[in-house]
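Trainee: Okay, here's the structure, questions in a sec.
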Amino acid sequence: MKNTTYSLLLSLVPFAAYAGETVTVEPMPQPTGSVVEYSPLDWYVGASAGFLIDAEEGFFTGQIGREIYQDEMFTHSIFLEVGYSDLENDGNGLDLTDAFNFSPGDSFTGDADIEATFIPVTLNYRLDYDFTPRLGLYIGAGAGAAFIDVDGEFLDPGNTIDEATGDSEASFFAQAFAGLTYDVTDSFELSLGARYMWIDDYSVTLANGNEVDVDDNDDVSIELGGRFKF
């Protein structure tokens, strides 16, 4: 019995000695990989001024939108846009096929003074990718309605557009766009790009009661724009 008790006491000696020492706990090593940081998702307003290649007229837009998602490479956003353009001539040499996309059977002869105003309103998706902290590119597409108002006079009085009943119409409108961006500051961005626009069929009514169908109308705009984030 004495031997057993003596052995038990000897076995406790190391633990008693250890209990009197200070124990240092080493911290766990931290991951060495880089941490990806994202800028806040922002609201923004923007505007652009462009030139329609076929119609040879200006095209202007205003936008308001918000960034909705951001990952390591891309920023996704949606925005509402309102556009404006006037297609017009001043009396002679009007090419109705190019300016208004009238089909050959609908073309008029003689001098004409015509103006067509269209205002597209669209909801759009845009994807941005940055090559460098300041330089990037964007692509996107959108759809909505184009509100069209056509006024005109021809040498033949019967071909005058009836402004009371037949000169205004809404038609389906779609577009796709792409370009380059440059961040002037953290809040302001300039862009240079191109836009393809397509308007569905619409018609205008003449004073003699006949309707003129305007076939699928499309054009390309080259434009300079800017966005301000807030």
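The values are calculated or read from the model by the stated rules, or taken from the named source; none is laboratory data. All values derive from a computational prediction rather than experimental measurement. Every residue, glycine as well, gets a Cβ built from its backbone with ideal geometry; the counts of neighbours run over all protein chains shown. For accessibility, only protein heavy atoms count, side chains too; no ligands or nucleic acids. Shrake-Rupley method; radii C 1.70, N 1.55, O 1.52, S 1.80 Å.
Trainee: Please name all residue pairs, on different chains or six or more residues apart, with Cβ atoms under 6 Å, provided the first residue is in the range 212-230 and is over 21 Å from G193 (Cβ atoms) and β-branched (V, I, T) and the second residue is modelled with pLDDT under 90 and in a strand (DSSP E or B).
Mentor: V212/V204; V214/Y202
Trainee: Oh, and also: Does P27 satisfy the criteria of being more than 25 Å from Y138 (Cα to Cα), at pLDDT 60 or above, loosely packed, with under 15 Cβ neighbours inside 10 Å and over 15 Å from the mean Cα position of the chain (by Cα)? Let's see the steps before the verdict.
Mentor: Numbers: more than 25 Å from Y138 (Cα to Cα): yes; at pLDDT 60 or above: yes; loosely packed, with under 15 Cβ neighbours inside 10 Å: yes; over 15 Å from the mean Cα position of the chain (by Cα): yes.
Taking the combined requirement at face value, the residue satisfies it.
Rundown of residues vs (1) basic (K, R); (2) open to solvent by 50 Å² or more (accessible area, probe 1.4 Å); (3) outside any strand (DSSP E or B); (4) at pLDDT 95 or above, yes/no style:
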{"residue": "L190", "(1), (2), (3), (4)": "no, yes, no, yes"}
{"residue": "G193", "(1), (2), (3), (4)": "no, no, no, yes"}
{"residue": "Y196", "(1), (2), (3), (4)": "no, yes, no, yes"}
{"residue": "T205", "(1), (2), (3), (4)": "no, no, no, no"}
{"residue": "G209", "(1), (2), (3), (4)": "no, yes, yes, no"}
{"residue": "D213", "(1), (2), (3), (4)": "no, yes, no, no"}
{"residue": "S221", "(1), (2), (3), (4)": "no, no, no, yes"}
{"residue": "L224", "(1), (2), (3), (4)": "no, yes, no, yes"}
{"residue": "F228", "(1), (2), (3), (4)": "no, yes, no, yes"}
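Trainee: Name the residues in the range 107-140 that are closer than 16 Å to D219 by Cβ and at pLDDT 85 or above, would you?
Mentor: Taking the range 107-140 first, the residues closer than 16 Å to D219 by Cβ are 116-120, 122.
Answer for the range 107-140, where residues must be closer than 16 Å to D219 by Cβ and at pLDDT 85 or above: T117, F118, I119, P120, T122.
Trainee: Please state which one of Y69, Y44, Y84, Y38 is farther than 21 Å from R195 by Cα, aromatic (F, W, Y) and at pLDDT 90 or above. Steps first, answer last, please.
Mentor: Values: Y44 fails: farther than 21 Å from R195 by Cα; Y84 fails: farther than 21 Å from R195 by Cα; Y38 fails: at pLDDT 90 or above.
The match here is Y69.
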